[in-house]
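Here's the structure, in structure tokens; my notes come after.
The numbers here are math on the coordinates, done by the rules we state, and not lab data. What you see is a predicted model, and the numbers here were worked out from it, not measured in a lab. Neighbour counts are summed over all protein chains in view; Cβ atoms, including those assigned to glycine, are modelled from backbone coordinates with ideal geometry.
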Amino acid sequence: MQTTLSYALHTPRLIVRMIEESDLPDLYQVFSDEAVTRFLPYITWTDTLAAHSWYQRVKEMAAQAAAMQCVIVDKESNKVIGACLLFRFDTECERCELGYALAQPYWRGGYMAEALRALLTHAFGEMAINRVEAEVDPRNPASAQLLRKLGFTQEGLLRQRWKFKGEIKDTWMFGLLRDEWQAAKGAN
């Protein structure tokens with residue numbers, strides 16, 4: 001299973017590509033916003049040290065084929081406006097998890113759906129993934145709505161699944177299968 005993106009994915013408005021260290025200033029604008037990181041399992045960035053520490057973890061995970069961290073670039077401004085990743089690869093079961101975050105000014109504009117469609121097409125195609133999972137905090141209905149729009153099925157509630165930021169949190173589990181993705185693409 002390939003766990004890197006060897007070329008950029010292009011959509012009408014966006015480019016989805018592997019992260020580079022030069023993306024950190026733009027990503028800082030995304031991950032230093034508490035509204036963006038509210039439901040994410042890591043801290044809101046308060047300085048560039050946090051950004052560089054995160055980047056080093058991402059690079060280590062990529063080197064171990066444990067994650068594929070991408071950025072979302074707005075073609076018009078050439079600015080990084082968000083991030084998306086595939087991680088926790090299980091090669092034997094052909095599955096992985098999906099994560100994403102978008103700068104607040106781009107919310108409700110269809111940008112994340114556009115980026116994730118490209119990433120999921122790549123995952124189910126060239127990467128030969130059979131199942132993509134995503135977890136959503138039940139207090140984040142916009143994220144759950146996005147996943148449903150992309151064809152994910154809400155498969156259940158995992159009670160008190162995580163503890164981070166001083167809270168014990170429930171999570172909704174979503175799943176999407178390759179044959180469901182291909183059937184939906186064929187219907188469009």
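Figures for the structure shown
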{"item": "Fully extended contour minus Cα-Cα distance, from R57 to A128, at 0.36 nm per residue", "result": "23.0 nm"}
{"item": "Positive-end residue, the chain charge dipole about Cα centroid, Cβ charges, pick of I81, V58, F152", "result": "F152"}
{"item": "Mean separation of Cα contacts under 8 Å (6+ apart) over length of segment 46-165, as relative contact order %", "result": "15"}
{"item": "Gained length - L158 relative to A66, 0.36 nm times residue gap less alpha-carbon distance", "result": "30.8 nm"}
{"item": "Cβ-placed point charges (K, R +1; D, E -1), dipole of the chain about Cα centre in debye, nearest 20", "result": "420"}
{"item": "Positive minus negative residues near R38 (Lys, Arg vs Asp, Glu; Cβ under 10 Å)", "result": "-1"}
